[in-house]
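I have placed the structure first, in the form of structure tokens, so that the comments after it can refer back to it.
The values are calculated or read from the model by the stated rules, or taken from the named source; none is laboratory data. If you're wondering where the values come from, they're calculated on a predicted model, not measured in any experiment. Note that each Cβ is placed from the backbone with ideal geometry, even for glycine, and that neighbours are counted across all protein chains shown.
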Amino acid sequence: DIVVGTPGRLYDLILSRALQLKAIKKLVIDEVDVMLDLGFRFQLTNIFDLLPTKRQNIMFSATMTEEIEDIIAKFFISTVKISVALSGTPLENITQSSYAVPNFYTKANLLVQLLKDAATFKKVLVFVSNKRSADRLFEELQELYNEEVCVIHSNKTQNYRMRSIKQFDEGLNRILVTTDVMARGLDLSEITHVINFDTPRFPENYMHRIGRTGRAEKKGESLLFYSKKEIAYKNAIEALMNMEIKQIPFPADVETATRLTPEEQPQVSEPYNPHKQSKEHERGESFHEKAEKNRKTNERGAYKRIIKAKYKKPQTRGDKNYNKSKRKK
């Protein structure tokens, strides 16, 4: 028998005793790197603790991150690693280029300009870093390309995602905007261009993204948009591949946007907001020194000090015999 499930739901079934693990002989984990990115490490480690010690573990991953290495070291014994394709090896049938772009809306202007050439950009997969950026870019593209563009990410319903994928795969939509997580595991054919609208933080993810084009011995093209803040990510990608990504001059006819996203806008300091006060903010003139009566420090044992001063020796409260002898004199 084979049980297939997600870590969270599987763990719930184990806790409710609807699923017994004592007879499990093999554990297979697919897309381990994605599971860890989604925050399933806690559920995975709990499941490991409940499984029989004697078992075979099999893991599949597109990238080998430090977190995966850590799990292997803690929970697996005598592991054997099998690499189908060496991570970081640039694909010869994919042409890679890059553009230096200052901000989000300038990137959107550049993308709009490039996509006008529908004969060249026949089937385009656009990767962004998060769900907010995906929705924001989709709105920008929809104004011009309407029925040609679709979007998928984890906040969309299952039916919406499946419909978007089907329409893109069948050629009804020419442009698909997606996040890293939603693009994993999708088998989409005939993609002519992969555009990295945001430079991925992890260089292995870049390799995974561009691998969506140039399949079945066909030629593909990858474009990377990077801002000043993303230069370090680009350098890490080039270091992994041991090659430099060709840079294309920014087109003169593309408008450089002054409009910024909330994430790109400079953070305004609110020194007098008790909820957002900066730790580095120094006190201004509105702060004054303490009054003399409030400068007293708490010296413990006030009662004992008073008694000692009065009777010239330490005295405890309730010493009736001592008090009687004093009164008789």
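Miscellaneous remarks
- Some residue of segment 146-162 being crowded, with 21+ Cβ neighbours inside 10 Å and polar (S, T, N, Q): no
- Test for Leu188: is it in a loop (DSSP other than H, G, I, E, B), touching a helix residue (DSSP H, G or I) at 6+ places or on another chain (Cβ under 7 Å) and farther than 29 Å from Glu264 by Cα: yes
- Set side by side, the residues Tyr105, Tyr99 differ, and just one is surrounded by 11 or more Cβ atoms within 10 Å (Cβ to Cβ), within 30 Å of Arg215 (Cα to Cα), aromatic (Phe, Trp, Tyr) and in contact (Cβ under 8 Å) with a residue 60 or more places away in the chain, which is Tyr99.
- Checklist (1) in contact with a Leu (Cβ under 9 Å, 6 or more places away or on another chain); (2) closer than 23 Å to Ser154 by Cα; (3) exposed (fewer than 12 other Cβ atoms within 10 Å of the Cβ) applied to Gln56, failing item: (2)
- Segment 214-225 residues that are among the aromatic types (Phe, Trp, Tyr), paired with ones that are assigned to a strand (DSSP E or B) (beta carbon under 9 Å, 6 or more apart): Phe225/Ser98; Phe225/Tyr99; Phe225/Ala100; Phe225/Ile195; Phe225/Asn196
- Hits in segment 1-53 - residues which are surrounded by 14 or more Cβ atoms within 10 Å (Cβ to Cβ) and among the basic types (Lys, Arg): Arg41
- Boolean, Phe225 is among the aromatic types (Phe, Trp, Tyr) and modelled with pLDDT of 90 or more: yes
- Any hit, segment 46-61, residues being in contact with a helix residue (DSSP H, G or I) (Cβ under 7 Å, 6 or more places away or on another chain), under 30 Å from Asn242 (Cβ atoms) and modelled with pLDDT under 85: yes
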